[in-house]
Amino acid sequence: MLEIEGLRVTYGSSEAVAGIHLTVGDNGAVALLGPNGAGKTSTLRAISRLVPCEGVVRFDGEDLAGRSTDEVARRGLIHVPEGRHVFPTLTVEENLRMGQVAARKRKGGFGFDDVYALFPALVPLRGRDGYTLSGGEQQMVAIGRALVAAPKLLLLDEPSLGLDPVILKAVFGALDEIRRHTPMLLVEQNTQQALAICDRASVLVNGRVEMSGVAHELTDRQAMLASFLGQKDAAEAG
């Protein structure tokens with residue numbers, strides 16, 4: 001579904017992503033792990049054409065060179081950025097409806113009922129404005145809005161950021177179900193949660209892939225994984 005070859009992202013004289021290679025298949029989930037400043041968000045932004053980049057990004061067999069962000073979204077590459085970005089003056093239901101714009105006439109995907117089944121906490125909030133929601137509720141809306149866009153591939157940037165343990169469990173429970181139907185590339189600092197739901201993972205450090213493999217194998221290599229992620233306690237990685 002997604003092939004990246006020699007991807008480079010630079011900001012002035014700083015190289016944020018240094019020629020990485022990455023693939024995501026037609027099903028399952030891939031995690032992109034790494035410490036702060038590793039280039040994870042820049043990688044997602046380059047895939048979505050939000051920042052200029054070098055190298056090849058091929059989505060569903062098509063080279064995305066010269067494509068705009070709107071064009072790749074309409075083709076089914078749907079990005080849930082860090083920070084949620086719900087429409088504050090629209091209700092939960094209206095926010096979800098905005099996701100249908102990118103769906104165009106693609107079949108499949110998730111309906112509103114599917115979203116509410118994944119996130120039951122949103123059911124009594126359908127008529128609530130976005131600005132009144134907690135951070136966790138906004139994250140659920142942001143993911144739900146992406147799902148009704150009938151994604152062929154989901155890009156998710158730090159969905160666990162700032163969530164309390166109860167909401168975190170609900171969000172990752174939903175992501176575990178979603179990945180069974182829609183492939184995803186997940187950027188995440190919560191290594192344990194990411195490896196629990198992903199099939200494969202790569203570790204990005206200073207813009208370079210330093211480690212990659214099957215998720216359960218990376219979990220078994222806790223000490224090495226922890227050293228790349230800058231974790232003091234290797235047990236945090238597994």
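None of the figures in this text is laboratory data; all of them are computed from the coordinates on show. This structure is a prediction, so every number in the text was calculated from the model and none was measured. So basically every Cβ, Gly included, is an ideal-geometry build from the backbone, and we count neighbours across all protein chains shown.
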Restricting the search to segment 43-91, which residues are touching a residue at least 40 places away in the same chain (Cβ under 8 Å) and among the polar types (S, T, N, Q)? THR43, SER48, THR89
Take segment 159-209 and flag every residue that is surrounded by 15 or more Cβ atoms within 10 Å (Cβ to Cβ), touching a helix residue (DSSP H, G or I) at 6+ places or on another chain (Cβ under 9 Å) and of a type in the set (D, E, K, R). ARG179, GLU188, ASP199, ARG200
Taking into account only those residues within segment 115-128 that are in contact with a helix residue (DSSP H, G or I) (Cβ under 7 Å, 6 or more places away or on another chain) and assigned to a helix (DSSP H, G or I), which is surrounded by the fewest Cβ atoms within 10 Å (Cβ to Cβ)? VAL123
Of all residues being under 15 Å from the mean Cα position of the chain (by Cα) and of a type in the set (Ser, Thr, Tyr) in segment 1-58, which is farthest from ALA226 (Cα to Cα)? Just the residue, please. SER48
